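The values are calculated or read from the model by the stated rules, or taken from the named source; none is laboratory data. Remember, it's a predicted structure, so these values are computed and weren't measured experimentally. Glycine gets a Cβ as well: all are built from the backbone with ideal geometry, and neighbour counts include every protein chain shown. Keep in mind that these areas ignore ligands, DNA and RNA; they rest on the heavy atoms of the full protein, side chains included. Shrake-Rupley method; radii C 1.70, N 1.55, O 1.52, S 1.80 Å.
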Amino acid sequence: MPTVNVKWQKETFQGIEIDTSQPPIVFKSQLYTLTGVPPERQKIMVKGGILKDDADWFTLGVKDGQKLMMIGTADEIVKAPEKGPVFVEDLPEEEQVVALGHSAGLYNLGNTCYMNSTLQCLHSVPELKSALLSYSDNVRGNGVDQASHNLTVATRNTFGELDQSVRPVAPLLFLQTLRKKYPQFAQQQNNVYMQQDAEECWAQLVYTLSQTIMSETSEPPAGPVKELFGIDLVSRVHCAESGEESLERESIYSLKCHISHDVNHLHEGLKHGLKSELEKASPSLGRTALYTRESRINELPRYLTVQFVRFFWKRESNQKAKILRKVDYPLELDVYDFCSDELKQKLQAPRQLLRDAENAKFGLKAQGKANSSKENEGSSSSAGESSNMDIDKADSSARNKQLTGIYDLIAVLTHKGRSADSGHYVGWVKQDDGKWIEFDDDNPSIRKEEEILKLSGGGDWHMAYICLYKARVI
């Protein structure tokens, strides 16, 4: 890699390395950290004019030791406002995003929208950010390899930059550590880094964090990531031919929505995803036989990840082709029907409490047995207390928040294009005030809730690839 000297104002920065396999925007991000001049303000003089973000380093012919000149002003210190107060609704759209408190986008460092959208969606989980903040810079003595540790630290630092910056962040260190841990994300074609599958990036990152972030207070040590995203399944494996039957248990980090000609809604796709057929050796028959696997959820997470299985390997084109079929998904997802009998029994009481709390908000009487007995003792007192009760108060009064099997949509990762390894990925994240932000790399914009439900597919527009739901607790 050639090293250059960059002159800016009265300063000269010596020996700056240029990674010629990366687009110039990465070089500009390096200069940003040195000078404080945002990439969009930088004008770098090279052979033939001003350096463009998508220029080819080999065509420019930059030589080792060459001196470059940069023009641009660094961020200024914010001055006290000279004008009176301005209402948020009167601000330009970009400034409205800043006012929402979650404004920072991520620069695309060359086909890295798959990574940017993944980070923005996972960044919406406050408990994950909290767990990362407590992660030590020193490698713990739990067998964590250095590459996994570095990726965890890079995730923590990137989330921190997103929270503290109102300008786009260049996730260069995160990208480098991701590629070092998982070399498949460093694939190149004609000296250009290739687009990658966002779901694979999501899965590998969550798995890595599940192995590195451990709770020191639990016995045996358990991972916060498992508690946040882990789904325990119990599966009945049955062979109709031999009558053999067994129970299998496994932990996963996402439910699959399988898409076929008769799937029009997420519920139908999840039902298909929890039932499958497989061939394996039958001890009683002494040969291979067909088995049916029917799975049920035995333990729910705080955050439920749902992947729409939209891609399949197409031999003719030697790539992952895309299923464009429209599949609707809800803002509120109830997975009670997909739970095991044991889990359904545990969910009944908190679900009744949730219904009572929601009914109380509308002035309706509670339907639980406990509430009816209280009404017999003193209806006026019970009604007065019930009318003031809401879900938030129920949460704060309970020592251990209980899951109800009902989830609310908080993030959607979408894909636009015909192949998982091409096209464009975008993250859509719900804010605390109920509004949505579309994170299209470094360009966040406000969106309405009805626009989110239009991401269900059926054409070449952005369609949901991964949905993230947050548990409604009581």
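Cα centroids of the range 38-77 and the range 244-297: how far apart, whole angstrom?
When both Cα centres are located, 55 Å separates them.
Hey, what's the range 1-64 come to in accessible area per residue, 1.4 Å probe, Å²?
Computed with neighbouring chains in place, this is 55 Å² per residue.
Taking all protein chains together and a probe of 1.4 Å, list His149, His238 from the most accessible to the least accessible.
Correct descending sequence by accessible area is His238, His149.
For labels at Thr20 and His238 in the simple 7 Å Cα→Cβ model, what's the distance in nm?
6.5
If you average the alpha carbon positions of the range 146-190 and of the range 403-474, how far apart do those two centres end up, in angstrom?
One Cα centre to the other: 22 Å.
Within a Cβ distance under 9 Å of Ile406, other residues only, what is the Lys/Arg minus Asp/Glu net charge?
It works out to a net charge of -1.
Extending each Cα 7 Å along its Cβ direction at Phe362 and Ser419, get the distance between those two points in nm, one decimal.
5.0
At R0 = 22 Å, how high is the FRET efficiency between Ala74 and Met45 if r is their beta carbon distance? Nearest 0.05 is fine.
Step by step, r from the Cβ atoms, then E = 0.75.
Roughly how many debye, to the nearest 20, is the charge dipole of the range 320-367 about its Cα centre, given +1 on each Lys and Arg Cβ, -1 on each Asp and Glu Cβ, and no other charges?
Computed about the Cα centre, the dipole is about 300 debye.
Accessible area of the range 129-285 with a 1.4 Å probe: how many percent of it is carbon plus sulfur?
About 49 percent, which is the carbon plus sulfur part of the accessible surface.
Of the listed peptides 199-210, 350-361, what is their order by residue-averaged count of other C-beta atoms within 10 Å, with the highest listed first? Provide the component values of the computation, followed by the final result.
On the way: 199-210: 20.2, 350-361: 18.2.
So the peptides 199-210, 350-361, ranked by packing, come out 199-210, 350-361.
So between Gln164 and Glu11, what do we pick up on full extension, going 0.36 nm a residue minus the alpha carbon distance?
Contour length minus the Cα-Cα distance gives 52.3 nm.
I want to check the label-to-label distance for Gln184 and Leu34. Put each point 7 Å from Cα in the C-beta direction and report it in nm to one decimal.
3.6
Along the Cα-to-C-beta direction of Arg249, a point sits 7 Å from the Cα; which residues of the range 260-296 have their amide N less than 20 Å from that point?
Under 20 Å, as judged by backbone N against the label point of Arg249, lie 293-296 of the range 260-296.
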